[in-house]
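J.: Quick one: this structure, given as structure tokens, is what I'll be asking you about.
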Amino acid sequence: MPDLNFKVTGVQAAARGLMPLLHFNLEISNQPPTEAIQAVLIQAQIQIQSAQRAYNEAERERLEELFGTPDRWGQTLRNRLWTHAGTTVPPFTGQTKVNLPVQCTYDFNVIGTKYFYALEGGEVPLLFLFNGSIFYAGSRGELLVQQISWNKECVYRMPSEVWTNLMNHHYPNSAWLSIHRDVFDKLSEFKLEHGLLTWEQAFELLLDLSRHSPAAAGKADLSRRSEADTNPSRHSEAKAEGVTGGK
């Protein structure tokens, strides 16, 4: 009976394609090595082992959306599902190599996209969990089928720049943002009312308006008051300077 083992040895962006696609180089070996494998239908669940790497301050801030504040990471920093992938392995004996294609997305509603975007460099620790069917020749030449053992897995540390470069190639200087239809309708109406030509102009105008709104001014004033409460000496000095200046 076949006993397959898997190892990811590398990853490259697909040379051609309308959608962003990564090819993980998958090495498959079988025991006994003389057994003829007719085909393998592979399915893989790929998880991000987020606790298996360190993060700088900027990365920790961006990852709060996924894991909460860093003081809670002891409970929240756990494996997260990235995606599923599959491929068909042609006949082989002993050992073979195939590419496992993985479709990627720049949709920021997807956990994997949020995670990869938050990284400034380093490696992404990935866990591959395999299942599927093995077709092989029996002792009398008959075709037999066996399921891949549930405990077959491997790890691979993917350079984060592989994903970043892939997205920069397919979506240069741009990003995807999916929103509810009713919000989109309001944004579209706002864009038309102000005679704006692009969505970038609409978002920039909204940001400018929010910075100069009474609510934003109130937050700034509250921040100044908070600073004065925590630094009374500075506050007193500022008042004294103001009195002196008045004279």
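J.: Within the range 137-148, identify whether any single residue is on the phi < 0 side of the Ramachandran plot, out of contact with any strand residue (DSSP E or B) (no Cβ under 6 Å at 6 or more places or on another chain), surrounded by 13 or more Cβ atoms within 10 Å (Cβ to Cβ) and of a type outside the set (A, V, I, L, M), and answer yes or no.
T.: Looking through the range 137-148, none of the residues is on the phi < 0 side of the Ramachandran plot, out of contact with any strand residue (DSSP E or B) (no Cβ under 6 Å at 6 or more places or on another chain), surrounded by 13 or more Cβ atoms within 10 Å (Cβ to Cβ) and of a type outside the set (A, V, I, L, M).
J.: Then there is this: Take GLU193 and tell me if it is out of contact with any Pro (no Cβ under 7 Å at 6 or more places or on another chain) and at pLDDT below 85.
T.: Values: out of contact with any Pro (no Cβ under 7 Å at 6 or more places or on another chain): yes; at pLDDT below 85: no.
The answer is no for GLU193.
J.: Okay, next question. Name the residues in the range 54-79 that are touching a Ser or Thr at 6+ places or on another chain (Cβ under 7 Å) and crowded, with 16+ Cβ neighbours inside 10 Å, would you?
T.: PHE67, LEU77
J.: Is it fair to say GLU27 is surrounded by 15 or more Cβ atoms within 10 Å (Cβ to Cβ), closer than 29 Å to TYR136 by Cα and of a type in the set (Asp, Glu)?
T.: Values: surrounded by 15 or more Cβ atoms within 10 Å (Cβ to Cβ): yes; closer than 29 Å to TYR136 by Cα: yes; of a type in the set (Asp, Glu): yes.
When the stated conditions are applied, GLU27 passes them.
J.: Right, here's the next one. Which pairs turn up if I take residues in the range 52-67 that are in the same structural domain as PRO125 (by TED's automatic domain parsing) and look for partners that are in a loop (DSSP other than H, G, I, E, B) and hydroxyl-bearing (Ser, Thr, Tyr) with beta carbon separation below 8 Å, at least 6 apart in sequence or on another chain?
T.: LEU63/TYR55
Rundown of residues vs (1) farther than 30 Å from LEU144 by Cβ; (2) acidic (Asp, Glu); (3) at pLDDT 95 or above, yes/no style:
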site	(1), (2), (3)
GLU57	yes, yes, yes
PHE67	yes, no, yes
ALA85	no, no, yes
PRO91	no, no, yes
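J.: Starting from the range 205-217, take each residue that is assigned by TED's automatic domain parsing to the domain that holds GLY195 and over 21 Å from GLY195 (Cα atoms) and list its partners that are surrounded by 10 or more Cβ atoms within 10 Å (Cβ to Cβ) and modelled with pLDDT of 70 or more, counting only C-beta distances under 8 angstrom and pairs at least six apart or across chains.
T.: ALA216/SER210
J.: Go over the candidates ARG72, ARG78 one by one and state the one that is free of Cβ contacts under 8 Å to residues at least 12 places away in the same chain, outside any strand (DSSP E or B) and charged (D, E, K, R).
T.: Details: ARG78 fails: free of Cβ contacts under 8 Å to residues at least 12 places away in the same chain.
Within the list ARG72, ARG78, the selection yields ARG72.
J.: Could you list all residues from the range 99-116 that are over 23 Å from PHE130 (Cα atoms) and without any contact (Cβ under 8 Å) to a residue 60 or more places away in the chain?
T.: LYS114
J.: Is it true that VAL155 is closer than 30 Å to ALA44 by Cα, at pLDDT 90 or above and assigned to a helix (DSSP H, G or I)? Break it down stepwise before answering.
T.: On the way: closer than 30 Å to ALA44 by Cα: yes; at pLDDT 90 or above: yes; assigned to a helix (DSSP H, G or I): no.
Judged against the criteria, VAL155 is not a match.
J.: Of all residues in the range 160-198 being without any contact (Cβ under 8 Å) to a residue 60 or more places away in the chain and within 23 Å of VAL11 (Cα to Cα), which is surrounded by the most Cβ atoms within 10 Å (Cβ to Cβ)?
T.: Going through the qualifying residues, I end up with SER160.
J.: Something else: Please verify whether GLU61 is in a helix (DSSP H, G or I) and modelled with pLDDT of 95 or more, treating the condition exactly as stated. Lay out the reasoning, then the answer.
T.: Values: in a helix (DSSP H, G or I): yes; modelled with pLDDT of 95 or more: yes.
Taking the combined requirement at face value, the residue satisfies it.
The values are calculated or read from the model by the stated rules, or taken from the named source; none is laboratory data. What you see is a predicted model, and the numbers here were worked out from it, not measured in a lab. All Cβ positions, glycine included, derive from the backbone under ideal geometry; neighbour counts span all protein chains shown.
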